[in-house]
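In what follows, a structure is listed as structure tokens, so that the remarks can point back to it.
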Amino acid sequence: MYEEYGAKSFNLVKFEEGIKKGLSRQDAALGTITGMWATEKGFNKVNFIEDAYDIENRVEVIFEK
């Protein structure tokens, strides 16, 4: 399904790239496709679901206003 991105979602790949560039977790999340869409809609706060945080496999967030 996500073979072009190493079997990871495009959002996770973009998040990892942001972290590698030295961005904070919040800024990296906002730099994903979903994060950019959320920001356009006024959702610019990022809350991480810590139980689901595993940068190698998954990151779950809730975007809030």
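Could you grab the pairs with beta carbons closer than 9 Å, sequence gap of 6+ or different chains, first residue in the stretch 48-65 and modelled with pLDDT under 75, second one among the aromatic types (Phe, Trp, Tyr)? Note: pairs meeting the criteria are 55/15.
Sub-6 Å Cβ pairs linking a first residue in the stretch 16-37 that is over 19 Å from residue 57 (Cβ atoms) and free of Cβ contacts under 8 Å to residues at least 24 places away in the same chain to a second residue that is of a type in the set (A, V, I, L, M) and surrounded by 13 or more Cβ atoms within 10 Å (Cβ to Cβ), at least 6 apart or interchain, are 26/46, ordered by first then second residue. For the stretch 1-33, taking the residues that are hydroxyl-bearing (Ser, Thr, Tyr) and surrounded by fewer than 18 Cβ atoms within 10 Å (Cβ to Cβ), the one that is modelled with the highest pLDDT is identified as 24.
The values are calculated or read from the model by the stated rules, or taken from the named source; none is laboratory data. This one's a predicted model, so the numbers in the text were calculated from it and none came from an experiment. Because the Cβ atoms are built from the backbone with ideal geometry, glycine has one as well, and the counts that use them run over all protein chains shown.
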